[in-house]
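To start, the structure itself, in structure tokens.
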Amino acid sequence: MSDKIKVILVDDHAVVRAGFRMLLSAEANIDVIAEAERGEAACQLYLEQQPDVMVLDLSMPGIGGLESIRRICNRDSGAKILVFSVHDEMVYVDRAMNAGAKGYITKNSAPDILVTAIQKIAAGEIYIEHALMKNMPAQASETDYQTIVDSLSAREFDVFLLLAKGFTGHKIADELCLGYKTVANYGTRIRSKLNVSSVAELAHIAMVLGVMKN
């Protein structure tokens, strides 16, 4: 990526934001263009600044992180939001990804993971911290998942990959020139076959099988 990745930092602790900014300032291809301490300000800043990636905490005063993600993604389906949270439980990962986030890492992660996550998400990929995915309940073995994915039709596989990347049903419909209801039916069928219910689980399976890199 030739141009710098424009980043907005959202966290209610000024010290945390200062730490983020210092870390990211050492990266030649990342530029922190703005900061916010509340979700309401984050939504406004996103519209004004149009960042490449927004790094956002979940636990903040006001509307909070999850509602901020929903509002931003409702206005811009292509928004790239990375959650950076103290919460490492999968329920938070699922809720954030289902709200529209494109990535999730914890504040306990190594500093280079934040940089990697921003770069991956800016490039259009999904990024979930590997340690978090290890906590995901194993409902089937890798071999079982491979067998199921191999049995998907070509169109089902296309939908599976786009769902795993965090695309909305409407965006997938546009991408594949299909009707929204058709995409929704494919999605229901794919989730049923894989016995999963969330974007995070689909992304995990895609990464485990090597069809989508982490």
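Every read-out reported here was derived from the displayed coordinates using simple, explicitly stated rules and does not represent laboratory data. A quick note: this is a predicted structure, and the numbers were derived from the prediction, not measured. Every residue, glycine as well, gets a Cβ built from its backbone with ideal geometry; the counts of neighbours run over all protein chains shown.
Estimated from helices alone, the mean residue ellipticity of the chain at 222 nm is -16000 deg cm²/dmol (sum of -39500 (n - 2.57) over DSSP H runs with n ≥ 4, per residue). When the alpha carbon gyration tensor of the chain is reduced to an equivalent ellipsoid, its three semi-axes come out at 30, 18, 16 angstrom, largest first. Relative contact order, percent, of segment 1-117 when contacts are C-alpha pairs under 8 Å separated by at least 6 residues? Reported relative contact order: 22 percent. Here's the picture: charge each Lys and Arg Cβ at +1 and each Asp and Glu Cβ at -1 in the chain, and of Leu47, Tyr180, Tyr92 the one pushed furthest to the positive end of that dipole is Tyr180. Subtracting the Cα-Cα distance of Asp174 and Arg21 from 0.36 nm times their residue separation leaves 51.4 nm of extension gain. Cross-link pairs exceeding 18 Å between alpha carbons, from the set Lys6/Lys165; Lys102/Lys171; Lys80/Lys165: Lys6/Lys165. Direction-averaged projected area, Cα convex hull, segment 142-208: 3.9 nm², rounded to one decimal.
Calculated FRET efficiency, Arg191 and Val211, Cβ-Cβ r, R0 25 Å, to nearest 0.05? Approximately 0.90, to the nearest 0.05.
Would you work out the relative contact order for the chain, in percent, from Cα pairs under 8 angstrom that are 6 or more residues apart? Reported as a whole number, the value is 15 percent. Which residues in segment 40-63 have a backbone N closer than 16 Å to a point placed 7 Å from the Cα of Asn29 along the Cα-to-Cβ line? Once the point is set 7 Å along Cα→Cβ of Asn29, 52-53 turn out to lie under 16 Å by backbone N, inside segment 40-63.
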